[in-house]
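Data first, discussion second: the structure below is written as structure tokens.
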Amino acid sequence: GENVEQHPSTLSVQEGDSAVIKCTYSDSASNYFPWYKQELGKGPQLIIDIRSNVGEKKDQRIAVTLNKTAKHFSLHITETQPEDSAVYFCAASKQGAQKLVFGQGTRLTINP
Amino acid sequence: GAGVSQTPSNKVTEKGKYVELRCDPISGHTALYWYRQSLGQGPEFLIYFQGTGAADDSGLPNDRFFAVRPEGSVSTLKIQRTERGDSAVYLCASSLTNSGNTIYFGEGSWLTVV
């Protein structure tokens, strides 16, 4: 089955700097890759997603890139703000199967 | 509009007891999912429904776990003879269909078995 590895497990950056979180997946049939933000005591919130027919997608300060050949995808957050502090999860699934396989999470801390 | 609603938000139960966790998906969403999240881990898939039927229950850990969605809307996750290892956050999610649509999560039900 699918296996998703996420790195780093913790990341600390200065406010205003950029943060990058990377994930790799094992199943070449996976074609949907969402990123979720989870704050303490809350459920995961979708922040951006990408499908395998696209190499990059951007939404304001957040961007995701996908390299299908290498089977890895990354989350980029620019101009980080204290409210970006949270745990971020990547996930992968196959079209129509909708069974998301999650990475282990990255605890991002933005230092003011 | 309203998001995915889960009740109870917190449940403490004794080992061996029976527990029900309820999920009310976003109105109009035909696909509904249950995940389990242990402390410090990513969510793990349990089961997903398309309409009233369980389309994939491959993530249920054993036969103590069962879920229903009798009218294609609200779902209940049922855990029999609870064990301490069942302690986790149980997350429900829904999507418009089961084909390529965004999956939205609820806030979760935090289950503690003592």
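Derivation of every value follows stated rules applied to the coordinates shown; laboratory data play no part. On a predicted model such as this, the values are computed, not experimentally measured, just so you know. Cβ: placed from backbone, ideal geometry, glycine included. Neighbour counts: every protein chain shown.
Note on the protein assembly as shown: with charges restricted to the Cβ of Lys and Arg (+1) and Asp and Glu (-1), its dipole about the Cα centre is near 360 debye.
Annotation: average projected area of the protein assembly as shown is 12.2 square nanometres, based on the convex hull of Cα atoms across all directions.
Taking the convex hull of the alpha carbon atoms in chain A, what volume per residue do you get, in Å³? Can you show the working numbers first?
Numbers: hull volume 10.6 nm³, N = 112.
Taking only Cα atoms, chain A has a hull volume of 94 Å³ per residue.
For chain B, a simple Cβ point-charge model (Lys and Arg +1, Asp and Glu -1, everything else neutral) yields a dipole of about 280 debye relative to the Cα centre.
For the pairs A:LYS42/A:LYS71; A:LYS68/A:LYS94; A:LYS22/A:LYS68; A:LYS37/A:LYS68; A:LYS37/A:LYS58, flag any whose C-alpha to C-alpha distance is greater than 20 Å. If you can, show how the numbers build up before the last one.
Values: A:LYS42/A:LYS71 30 Å; A:LYS68/A:LYS94 13 Å; A:LYS22/A:LYS68 14 Å; A:LYS37/A:LYS68 23 Å; A:LYS37/A:LYS58 16 Å.
A:LYS42/A:LYS71; A:LYS37/A:LYS68, as the Cα separations exceed 20 Å there.
When the GluC sites (Glu not before Pro) in region B:62-112 are filtered for DSSP coil states and for at most 15 other beta-carbon atoms within 10 Å of their beta-carbon, the remaining sites are B:GLU71, B:GLU83. Once both labels are positioned 7 Å from their Cα atoms along Cα-to-Cβ, the gap between B:ASN62 and A:THR69 label points is 4.8 nm.
Compute the Cα gyration tensor for region B:17-81, then decide on rounded, prolate or oblate, letting a ≥ b ≥ c be the square roots of its eigenvalues: rounded whenever a/c is under 1.5, prolate when a/b is larger than b/c in the other cases, and oblate in all that remain. If you can, show how the numbers build up before the last one.
Details: a/c = 1.67, a/b = 1.35, b/c = 1.24.
Cα axes put region B:17-81 in the prolate bin.
In chain B, taking the dipole from charged Cβ atoms about the Cα centre, the farthest positive-side position among B:LEU21, B:LEU96, B:PHE49 is held by B:LEU21. A DSSP coil position with no more than 16 other Cβ atoms inside 10 Å describes the following trypsin sites (Lys or Arg not before Pro) in region B:1-109: B:LYS15, B:LYS17, B:ARG64, B:ARG81.
Is there a quick way to get the dipole size of region A:45-112? I mean about its Cα centre, with the Cβ of Lys and Arg at +1 and of Asp and Glu at -1; what is the value in debye to the nearest 20?
Values: 9 positive and 6 negative charges, 88 e Å.
Once rounded to the nearest 20, the dipole reads 420 debye.
For chain B, what is the relative contact order in percent, using Cα pairs closer than 8 Å and at least 6 residues apart in sequence? It rounds to 37 percent for chain B.
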